1. Top mean-square fluctuation among HIS205, HIS28, HIS91, Gaussian network model of the chain, C-alpha springs under 10 Å?
2. Over the Cα atoms of region 147-263, how large are the radius of gyration and the largest Cα-Cα distance (Dmax), in Å?
3. Looking at region 85-183, which GluC sites (Glu not before Pro) are DSSP coil and have at most 10 other C-beta atoms within 10 Å of their C-beta?
4. Running a GNM on the chain with Cα contacts under 10 Å, which residue among THR186, THR222, THR98 ends up with the highest mean-square fluctuation?
5. Once you place label points 7 Å from the Cα toward the Cβ at ASP95 and LYS264, how far apart are they in nm?
6. Go through region 135-222 and name the trypsin sites (Lys or Arg not before Pro) that are in a DSSP coil and have 10 or fewer other Cβ atoms within 10 Å of their Cβ.
7. Using each residue's phi in region 258-269, evaluate 6.51 cos²θ - 1.76 cosθ + 1.60 at θ = phi - 60° and report the 3J(HN,Hα) Karplus result to the nearest Hz, with x for Gly and Pro.
8. Considering only DSSP states other than H, G, I, E and B, which trypsin sites (Lys or Arg not before Pro) in region 1-66 qualify as loop sites with at most 14 other Cβ atoms within 10 Å?
Amino acid sequence: MAANLDLLPPGTTKLFRVDFDYYTPRPHFIVLGKSKQITWSSYDGQNSQFVEELMRVANKIRGNFGLRKPLLSVHRGSWLVPGKDDKFHAHICTDSDTYMRVFNDKKGLIPGWPSSRYVTKEWRASKNPSHYEENVRRYPYKEYFDDEIKQARRRLEAGNVRPWANPEGWTLFFHESAARVGFAPTGQQSREDLLIAMERFIREHATGSERMLGCHVCLALTAEACDGFPSPVFGYIQLSADDFCNGCPADYANGWLSRFEQEKLPTLT
Ligand SMILES: [Zn+2]
């Protein structure tokens, strides 16, 4: 078996390697642990050394490949349950043109590429092993907006909301039409600090909401990566419409839900 591809220059880090997303073709670079010891338990969102190394790797990829609108995205979800697959991974998201430029430049280094062993059920546009690009450019497929909107509307009608307070050191800003809550620093906090603060925020607010544990924690690697907020933010948490309406200011929710329904912005993280 050939060695795995690593898009990082040799000697960058002992902890991680970076590869393309073969499982779900989309414009994401995937950060993976180099050893089995790199687990979700070792991430736990509060280990600043781990987070600093993750940020350093993400910034290396951003700089080396000139990524546009780069975001570091950590998906939370059922795999955080102890006993399930505990291997850590994170996503570095960019636009399809930039991603495909890097991919076409490096695909000769991918062991055995193209091959049917890379094709999964998530190759929805085409199962032909040579049609990776078609799959990347068609992503994302249908999103489940209708159910989300129904749930959120029911919540608002019942008045079943608990708007969030600003966490210490950060001001929350709510996206104009996507289910994203953004974070702006009130002082000299760094982007690394935000990754830790967002993780803490989820742990505090996710009680009783399995879905909220499945949100995406997204950190902008450059200022232009987050648009649609009333004020510049360092990053945001991507939520379901229902969770968003639960936590946003009560007088904001109804207008927001109509814009969400109209614009149906896809989740790209
Ligand atoms: Zn993921």
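1. The residue that fluctuates most here is HIS205.
2. Rg then Dmax for region 147-263, in Å: 13.6, 40.
3. GLU168
4. Largest GNM mean-square fluctuation: THR186.
5. 2.3 nm
6. Numbers: sites: ARG137, ARG138, LYS142, LYS150, ARG153, ARG154, ARG155, ARG180, ARG191, ARG200, ARG203, ARG211; in loops: LYS142.
Listed in order of number, the matching sites are LYS142.
7. Rounded to whole hertz, the list is 5, 5, 4, 5, 6, 8, 6, 5, x, 7, 9, 9.
8. Here the sparse-neighbourhood loop sites are LYS14, LYS34, LYS36.
Where a number appears in this text, it was derived from the coordinates with a stated rule and is not lab data. Computed from a prediction, not measured in an experiment: that's the story for all the values here. Here Cβ is always computed from backbone atoms with ideal geometry, including for glycine, and neighbour counts include all displayed protein chains.
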